[in-house]
1. Sequence gap at least 6, Cα distance under 8 Å: using those rules, report the relative contact order of the chain to the nearest whole percent.
2. Please report, as a whole percent, how much of the solvent-accessible surface of region 176-281 comes from carbon and sulfur atoms (probe radius 1.4 Å).
3. Taking the Cβ-Cβ separation of residue 149 and residue 121 as r and a Förster radius of 51 Å, what is the calculated FRET efficiency to the nearest 0.05?
4. Assuming R0 = 30 Å, can you tell me the calculated FRET efficiency for the pair residue 88 and residue 58, based on Cβ-Cβ distance, to the nearest 0.05?
5. Compute the label zone of residue 162 within region 89-122: residues whose backbone N is under 17 Å from the point 7 Å along Cα-to-Cβ.
6. What angle do you read, to the nearest 10 degrees and between 0 and 90, between the alpha-carbon axis of helix 244-262 and the longest principal axis of the chain?
7. Keeping all protein chains in place, calculate the accessible area per residue for region 76-142 (probe 1.4 angstrom), answer in Å².
8. What's the ranking of 158-170, 65-77, 90-102 by average number of surrounding C-beta atoms within 10 Å, highest first?
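The values are calculated or read from the model by the stated rules, or taken from the named source; none is laboratory data. Please read all numbers here as calculations on a predicted model, not as lab measurements. Positions of Cβ are backbone-derived with ideal geometry, glycine not excepted, and every protein chain shown enters the neighbour counts. SASA here: full protein model, heavy atoms, side chains in, ligands and nucleic acids out. Shrake-Rupley method; radii C 1.70, N 1.55, O 1.52, S 1.80 Å.
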Amino acid sequence: MDPLHDVLTLLGTTGHVSASMVAGGSWAVEFEAPAGIKFNAVRRGHCWLRVDGAAEALPLAPGDCYLLTRSRSYTLFSDPEAVPVPARSIFLAAMDGVARTGSGDDFAAIGGAFHFGERARPLLLDALPPVVYVPSSAAEAATLHWAIEQVDTELRQQRAAAGLVAEHLALVMLIQVLRHHLVADARATTGWLAGLGDPVVAVALREMHKRPAHQWTVAELARAASVSRSTLAARFKAVVGRAPLEYLTDWRVELAADRLRRTDDTLAAIAHQVGYGSESALSVAVKRVTGQTPRAHRR
């Protein structure tokens, strides 16, 4: 199994595309801190992105995309001297799915948001920097641009199930952004996500995700990765921040907690499914990793 696929599926990841924004002249739009993870792509024109807490503003050109992984307010602007307009007011006044500000239409962008389950922060988002930037020159940009064009067409033409198509395309965009980040800016990534960019660690991660209930040993994982036991142990700890079997324990707990929330399976059955020998051992691990008892997850 693919660890990224597993985590996005476990988190119940959904995407939503919002209205497009058109602007011109001297303008600035201030956005409140988003509840989810914000995504934007520049269709035409240039602007700057200033995120609360960031040292510098990021210049954006046609075809550039970015993902905001923290709940922080941010501002898009063409002119640093322009007085920011609250985004809420212009998006409430949007017509035909387009919010407008400034004078003219030399700038256009389309945005969306991603929502995850309650474990998203420790499982995925904490491993990413506050801003994930994808320039138009990136290899993944072609797929992003195709998906954006399709979303724009679906929303404008309002064909049958247009909203559902747009949501699925939004997830395609998220995956492409994450793929780009793993290749282009691996140093800004931590945890298991960083492991996906390491050829040795990635093999061990895939093996554990393929068979999480298997009683893995570090020696077995090392053989799968064609390295020595000591090499795998050291490399995994250096890249992921945890020993291989510590990671396996935590992933089993995440699977168990998800099944507690989504199924009526007994704790004993779930313990067996994820590789624990007893209910009590699983209960202790769930409380340690998630901060909640199995009963709390079931509720």
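1. On the way: 521 pairs, mean separation 53.5, N = 299.
Result for the chain is 18 percent.
2. On the way: 2530 of 4960 Å².
Result for region 176-281: 51 percent of the exposed heavy-atom area is carbon or sulfur.
3. Values: r = 32 Å, r/R0 = 0.63.
Once rounded, the FRET efficiency stands at 0.95.
4. On the way: r = 23 Å, r/R0 = 0.75.
Calculated value: 0.85.
5. Taking a point 7 Å out along Cα→Cβ of residue 162, the residues of region 89-122 whose backbone N falls under 17 Å are 94-99, 110-112.
6. 70 degrees
7. On the way: 3360 Å² over 67 residues.
Ligands and nucleic acids excluded, the figure is 50 Å² per residue.
8. Working: 158-170: 14.2, 65-77: 21.0, 90-102: 15.8.
Final packing ranking: 65-77, 90-102, 158-170.
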